[in-house]
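Structure record follows, encoded as structure tokens.
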Amino acid sequence: MRRNHSHLARNAEFDERVARQRTEIAAAFNSPDDWPRACVQRICKLACVPVVGAHSMRGLHATLAMDAGITGAVVAASLGHEHVSTTTRSYAKGEAVAGAQQRRALTVLAGGAG
């Protein structure tokens, strides 16, 4: 029985196309690492909202997630932080961290798991 390996050729073609596109994107900006900033700024301008840096969106993510009740450990893991303290100290707004701590304490006092 003969096996069809055409999907491997298609995957190789796809990988080559992606690599070419990455090179083209990197060449369009000052450095290969500059494209996230440029893309975020372009999206902000198209959406007619204040232009923010790509990195500031990590802080927004941390703050909104903690406001929504996601635990610090989960938020830290989603940002690739080894320690929750990195997230709470440098990314999430203090009000979000305090609110999450208060909600956890009230849950425990009400007999729930914290």
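General remarks:
- So Val49, is it at pLDDT 75 or above, touching a helix residue (DSSP H, G or I) at 6+ places or on another chain (Cβ under 8 Å) and of a type outside the set (Ser, Thr, Tyr): no
Conditions tested, residue by residue: (1) of a type outside the set (D, E, K, R); (2) under 21 Å from Ala54 (Cβ atoms); (3) touching a residue at least 12 places away in the same chain (Cβ under 8 Å); (4) out of contact with any strand residue (DSSP E or B) (no Cβ under 6 Å at 6 or more places or on another chain).
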| position | (1), (2), (3), (4) |
| --- | --- |
| Thr71 | yes, no, yes, yes |
| Val74 | yes, no, no, yes |
| Thr87 | yes, yes, yes, yes |
| Val97 | yes, no, yes, yes |
| Ala105 | yes, no, no, yes |
| Leu109 | yes, no, no, yes |
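- Tally, over segment 36-68, of residues that are assigned to a helix (DSSP H, G or I), exposed (fewer than 15 other Cβ atoms within 10 Å of the Cβ) and β-branched (Val, Ile, Thr): 1
- Residues of segment 77-96 satisfying the condition of being basic (Lys, Arg) and either modelled with pLDDT of 90 or more or surrounded by fewer than 14 Cβ atoms within 10 Å (Cβ to Cβ) (or both): Arg89
The values are calculated or read from the model by the stated rules, or taken from the named source; none is laboratory data. Worth saying up front: this structure is predicted, and the values here are computed from it rather than measured. So basically every Cβ, Gly included, is an ideal-geometry build from the backbone, and we count neighbours across all protein chains shown.
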